[in-house]
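The values are calculated or read from the model by the stated rules, or taken from the named source; none is laboratory data. Because the structure is predicted, anything quoted here is derived from the model rather than measured. Cβ: placed from backbone, ideal geometry, glycine included. Neighbour counts: every protein chain shown. Keep in mind that these areas ignore ligands, DNA and RNA; they rest on the heavy atoms of the full protein, side chains included. Shrake-Rupley method; radii C 1.70, N 1.55, O 1.52, S 1.80 Å.
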Amino acid sequence: MLTRRGFAAAAAPFALARAAAAQGRFDGQVLRIGTFGGINADAIKEAVSAKFADAGAKLEFVIGSPQDNMAKVIAARGRGEPPMDAFEILGAMVPQVMAMNLLVPLDYTLLPSAAALRPDQRQPALVAIWTTQEMIIYNPATFAEKGIRPPVSLADLADPALKGRVMIPDISSGGGLEAVGAFALTAGGSEADIDPGLKLIRSIDGLRLWKAGGELVTAFKSGDIWAGVAHAGWAVRCEYAGVKVVSVPARIGAHAGLVKEGWMGIVRGSVKPLLAAFYIDSYLDPATQYTMAVRTGTVPVAPQAWSRLIDVPVVRDQMVLDPARMALMTRIDYSKVDLADWNDRWNRVIAR
């Protein structure tokens, strides 16, 4: 049993660490963050590495999709320090993450940058750090040359003129679950019934699948595809790669577009929760949010960053920056989703 004196002795190191954190000092500490690789990791380094250096800390990444990184956290449970201190989490993963108790509660006094977020974006153990707008992306020059009508719905991707020229996310990719949900809703299904959406996907002749968004950019650049499904950030990155594309918020029911939110939480068992909170707060800083939007095409959750993006042509052209339009975009209700069933049905209908 812990005595009052023992409790005070145990609490003293944490109190000292919190005092150091309040002064922005984390000398010699190394934080491991689970995140996407490539330009995403590069942009994070550009945005927050100076703050970490000033605080005497070092930032390392565990590269992988959110699904892969969650699997690493689960596999390491009960085996000492977790493989990462915090990781990015897709909205589709939230029910499972919470059910498995993988995260510790957040102390929002350590996250002043989160004050500007909507209440629903500040959960007890999760905070939203980005959103994406899932789009149809197409090459307007090729569509005009071939006389193909520009797409407005995911159903338009089944046009026979696009045979072998369409690429959508695999269900295991960062955008795969939203794509499955969007196809289901487009085809008259629902979160509980994705079979109509899978049937629509199967009707796209010669369909290609991507597991990393860079594959989409490469395929557009080579001319192998003329249309694809991905978030608007990949349209931004196509433009940076020298390929002119157009992104279209797909018509789903009465509205256009689908929004996906990315979350972050601190892994249970991390011995650096204060440094992890420092990272999250740095990521939510409007300056970081702006950098991530310009470099990767994610949509800021910090509203202070939106107005500056109007002055960035490639972002302005590919993303919806009107809050009223964003509010009307579809969101998948993952409380109604059985992910195991979705994956099983995908594997039986599409992967085969």
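Based on the Cα coordinates of the chain, what is the per residue volume of their convex hull in Å³? Spell out each step's value before the answer.
Details: hull volume 50.0 nm³, N = 352.
That works out to 142 Å³ per residue.
Straight-distance candidates among the aspartates and glutamates for linking to residue 272, with alpha-carbon spacing under 15 Å and chain neighbours fewer than 8 residues away dropped: 27, 60, 81, 85, 107, 281. Computed log10 I(q)/I(0) for segment 234-330 at 0.11, 0.17 Å⁻¹: -0.41, -0.85, from the Debye equation with unit scatterers placed on every C-alpha and solvent omitted. Can you tell me how segment 295-352 classifies by the Cα gyration tensor, rounded, prolate or oblate, using a/c under 1.5 as the rounded cut? The shape class here is prolate. Rounded to whole numbers, the Karplus 3J(HN,Hα) couplings from phi for segment 99-111 are 5, 8, 6, 7, 10, 9, x, 8, 9, 6, 5, 8, 10 Hz, using 6.51 cos²θ - 1.76 cosθ + 1.60 with θ = phi - 60°, and x at Gly and Pro.
Note on the chain: GNM, Cα springs under 10 Å; of 138, 240, 279, the largest mean-square fluctuation is that of 240. Each Lys and Arg contributes +1 and each Asp and Glu -1, all at the Cβ; summed about the Cα centre of the chain, the dipole is approximately 440 debye. Quote the FRET efficiency, to the nearest 0.05, computed for residue 316 versus residue 79 with a Förster distance R0 of 35 Å and r equal to the Cβ-Cβ distance. About 0.15, to the nearest 0.05. Counting protein heavy atoms only, segment 112-179 has 56 percent of its accessible area on carbon and sulfur, 1.4 angstrom probe.
As a fraction of the 1.4 Å probe accessible area of segment 27-106, surface on carbon and sulfur atoms comes out at 54 percent.
Taking all Cα pairs closer than 8 Å and separated by 6 or more residues, the relative contact order of the chain comes to 24 percent.
Kirkwood-based Rg over Rh for segment 176-257 (C-alpha set), two decimals?
Reported Rg/Rh (Cα atoms, Kirkwood Rh): 0.99.
Step by step: find N for segment 95-134, compute 2.2 N^0.38 Å, then divide the Cα radius of gyration by it. What's the final number? Walk me through the numbers before you get to the answer.
Numbers: Rg = 11.4 Å, N = 40, 2.2 N^0.38 = 8.9 Å.
Normalised Rg, Cα atoms only: 1.28.
Shape verdict for segment 75-114, please, from the Cα gyration tensor: rounded (a/c under 1.5), prolate (a/b greater than b/c) or oblate. It is oblate, given that a/c is not under 1.5 and a/b is not larger than b/c. Since only 64, 112, 91 are under comparison, the one whose Cα sits farthest along the positive direction of the charge dipole of segment 18-139, derived from C-beta charges on Lys, Arg, Asp and Glu, is 112.
Over segment 68-171, Cα pairs under 8 Å with separation of 6+ residues give a relative contact order of 13 percent. Protein-only accessible surface at a 1.4 angstrom probe places the residues 193, 27 in the order 27, 193, largest first. Taking amide H as placed 1.01 Å from N in the peptide plane, residue 210 has its amide H under 5 Å from the amide H of 168, 170, each at least 5 places away in sequence or on another chain. Within the chain, the whole DSSP H helices whose Cα atoms reach 20 Å or more along their own axis and whose mean Kyte-Doolittle score is at least 0.0 are 4-22, 39-54.
Plainly put, segment 19-98 has a radius of gyration that is 1.01 times its Kirkwood radius, both from alpha-carbon atoms, as the Rg/Rh ratio. Taking all protein chains into account, the per residue accessible area for the chain stands at 43 Å² (1.4 Å probe).
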